[in-house]
Amino acid sequence: MGKGNHLTIAMLVAIVGAVVVGVGAPGMALHLEIGGEVFLRLLKMLVVPLVMSSVMSGIIGLGDVRKLRRPGAVAIAYYLTTTLLAVIVGVLLVNWIEPGGRIQGEALAGLAKDESIAATADASIATILENLVLMLFTDNLIGAMADTQLLPLIVFSILFAGILSVLGERVGRVTEFIVQLNEALMAFILMIMKIAPLGVFCLVAARFGEAQAQGAFLETLQQIGWYVLTVLLGLGVHAFVVLPVILWVFSRRRPGRFLGRMSPALLTAFSTASSSATLPVTMESAVDRAGVARESVEFVLPLGATINMDGTALYEAVAAIFIAQVLGIELSLLQQATVAITATLAAIGAAGIPEAGLVTMVIVLNAVGLPVEYIGILLSVDWLLDRFRTAVNVWGDSVGSAVVEKVMPFSVQPDSKNPS
């Protein structure tokens, strides 16, 4: 059994054990939060330097930034297509299962109205598009680093590395430093992965312990169980049917084996509920375990962790239609199409941080005139669903790196030691 399999098993055991401890001994589980926070901060600490060094290293390896035109177009097409497919899956399932029609009136009695959420409800599709454009640029690079705004950092890295490639030998020491820095950071990630099972255990135990201590989680889960089931079923169809088909058709990789190779990243995503924090593990798993070409990984994954949110888009579409069903509002075909398009765009603009989908879901509800205060009915289970949709987001990014690898502007083959 390889090291990757040992790590996966250790992380699975950690998650199962954490759930048992969190539910069975919530008081003790809450004291484990500091261990999980340390692990999470170690991962987050690496995100900005890793993104910048990996993107620059990838561009430098190409030798000419213009060679990214085709891979870039394929990556963007992949992101938009898979996100839209995820939304379509969610819309079809929520209409078929009708979870909102199964909710009893008393289930809404304790609904909390959040005025801070309602105050942001004036966003529109035009606003989303404007924000997406502005997200590409920053007037303060240091500020963007401090706030982990990855998109402007990626844009800067591409432009700066492109300039370095033009200057050639005159900046040889700079380019050599960037490549070596990237190698050192990947080695740092390997070191952190040795404590990953312990960090995962602490993170999951503390979160389940918190939910159990509050006492409302299981009761709410019973009340809106059909909604939770619909979301999980939709995520499952997208993760285990749609994405594997795309992976096989466009890369000829075996989905089951590739999924196994990426499992440390997916389990970390479930534990942290943050695709950005998981990025270092995702890159390490894709390169060293799944054998995806480093050039493709360094270009696709940082961008995907920022704008490719399949799970989030599906969740937002299901949630919007579910709320309409609860209120007895029948959305027309045009309104549901509006939900699908808005959820796709809003998900692209969602930050890769825990529960960012709640903020962008306001935009989706507003697009079809649904009251945003009804988001409150979902809050007590959102933290759990967030973990599943983050894992799907990271899985979608991983598949994208394998797909784009096939159109990189040079011949690269998967690592023969890690066939997928």
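Each Lys and Arg contributes +1 and each Asp and Glu -1, all at the Cβ; summed about the Cα centre of the chain, the dipole is approximately 1600 debye.
Computed over the Cα atoms of the range 168-299, the ratio of the radius of gyration to the Kirkwood radius (Rg/Rh) comes to 1.09. Amide hydrogen proximity for THR138: with H placed 1.01 Å from N in the peptide plane, no residue at 5 or more positions away or on another chain lies under 5 Å. Within the chain, the selection of entire DSSP H helices by a Cα span of 30 Å or greater along the long axis and an average Kyte-Doolittle value of at least 0.5 returns 3-24, 33-62, 69-97, 172-193. Sparsely packed loop sites in the range 158-215 (the trypsin sites (Lys or Arg not before Pro) outside DSSP H, G, I, E and B with at most 14 other Cβ atoms within 10 Å) comprise LYS194.
Looking at the range 241-273, which trypsin sites (Lys or Arg not before Pro) are in a loop (DSSP not H, G, I, E or B) and have at most 15 other Cβ atoms within 10 Å? Don't jump to the answer; show the numbers that get you there.
Values: sites: ARG252, ARG253, ARG257, ARG261; in loops: ARG252, ARG253.
Listed in order of number, the matching sites are ARG252.
Normalised per residue, the accessible area of the chain is 43 Å², obtained with a 1.4 Å probe and no contribution from ligands, DNA or RNA. The helix-only estimate of mean residue ellipticity at 222 nm for the chain, built from DSSP H runs of length n ≥ 4 each weighted as -39500 (n - 2.57), is -24000 deg cm²/dmol after division by the residue total. Projecting the Cα positions of TYR227, TYR79, ASN366 onto the charge dipole of the chain (unit charges on Cβ atoms of Lys, Arg, Asp and Glu, taken about the Cα centre) puts TYR79 furthest along the positive direction. Considering only alpha-carbon pairs that sit under 8 angstrom and 6 or more positions apart, the relative contact order computed for the range 178-330 is 24 percent. By accessible area, using a 1.4 Å probe on protein heavy atoms only, the chain has 65% of its surface on carbon and sulfur.
What does the C-alpha gyration tensor say about the overall shape of the range 174-252? Classify as rounded when a/c is under 1.5, otherwise prolate if a/b is larger than b/c, or oblate.
Since a/c reaches 1.5 but b/c is at least a/b, the shape of the range 174-252 is classed as oblate.
The values are calculated or read from the model by the stated rules, or taken from the named source; none is laboratory data. Only a predicted model underlies this, so the values are computations on that prediction, with no experimental measurement involved. We place every Cβ from the backbone using ideal geometry, glycine too, and count neighbours over all the protein chains shown. Accessible surface areas use protein heavy atoms only, side chains included; no ligands, DNA or RNA. Shrake-Rupley method; radii C 1.70, N 1.55, O 1.52, S 1.80 Å.
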